[in-house]
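What follows is a single structure, written as structure tokens, with notes after it.
The values are calculated or read from the model by the stated rules, or taken from the named source; none is laboratory data. Just so it is clear, the structure is predicted and the values come from calculations on it, not from any experiment. Ideal geometry is used to build each Cβ from the backbone, glycine not excepted, and the neighbour counts take in all protein chains shown. What goes into the accessible areas is simple: the full protein's heavy atoms, side chains included, and nothing from ligands, DNA or RNA. Shrake-Rupley method; radii C 1.70, N 1.55, O 1.52, S 1.80 Å.
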Amino acid sequence: MRCGQGGDGNHSIAEISNIEIYARSGELVWKQESFPVNDPNFGWDGTFQGEPMTSQILGYFVEVIYTDGKTRVFKGQLTLI
């Protein structure tokens, strides 16, 4: 999904209301709430408890709010390399 575009059409994203990244064990690695789209100041730096993480598969959960007020949840896996 390209930031600023919804996966189901041409809906502009107003904000990311929640993003969570989890280790395979289910432990929460990183979380951020209520931030603008495409702002690098709010991105995850690949660390956990101040230390760089090793290459692995992680789970993610993202909730976005579109400019029309609708929300959508995306979830899946990502590979940290």
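Observations on the structure shown:
- Per residue solvent-accessible surface (Å²) - the chain, probe of 1.4 Å: 67 Å²
- With all protein chains modelled, accessible area of D45 [1.4 Å, Å²]: 120 Å²
- For the pair E20 and D45 in one chain, pulling the backbone fully straight at 0.36 nm per residue adds 7.7 nm over the alpha carbon distance.
- Cβ-Cβ distance of Q77 and F35, R₀ of 35 Å, FRET efficiency by 1/(1 + (r/R0)^6): the value works out to about 0.95.
- As a fraction of the 1.4 Å probe accessible area of the chain, surface on carbon and sulfur atoms comes out at 48 percent.
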